[in-house]
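J.: Got a structure for you, written out below as structure tokens; questions coming shortly.
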């Protein structure tokens with residue numbers, strides 16, 4: 001399986017060109033303007049396909065989904081719960 005942290009950080013950096021001086025793990029990519037609402041839906045669909053997980057409506061409204069580090073933790077928890 002793909003490393004979750006690597007996949008998420010590389011996806012964001014590739015798609016949205018995050019500056020080198022930005023701490024990617026604490027980046028709120030929504031508030032910083034890197035991803036808009038349509039981009040978020042595409043990103044979430046990509047994550048669901050890549051890791052075989054599903055994000056609930058509750059997950060989608062959580063502030064954790066907007067920050068790279070907490071999003072990674074959320075994905076890791078979902079993947080672990082499937083084993």
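J.: If the requirement is being more than 12 Å from the chain's Cα centre (by Cα), surrounded by 14 or more Cβ atoms within 10 Å (Cβ to Cβ) and at pLDDT 95 or above, which of these qualifies: 53, 72?
T.: The unique qualifying residue is 53.
J.: Could you count how many residues in region 53-80 are closer than 17 Å to residue 5 by Cα and out of contact with any helix residue (DSSP H, G or I) (no Cβ under 8 Å at 6 or more places or on another chain)?
T.: Residues meeting the conditions: 3.
J.: Then there is this: For the chain, which helices (runs of 4 or more DSSP H) that fit wholly inside it have 2 or more residues that are touching a strand residue (DSSP E or B) at 6+ places or on another chain (Cβ under 6 Å)?
T.: In the chain, no matching helices (runs of 4 or more DSSP H) lie anywhere.
The values are calculated or read from the model by the stated rules, or taken from the named source; none is laboratory data. Everything quoted here is computed from the prediction, not taken from an experiment. No Cβ is skipped: glycine too gets one built from the backbone with ideal geometry, and neighbour counts run over all protein chains shown.
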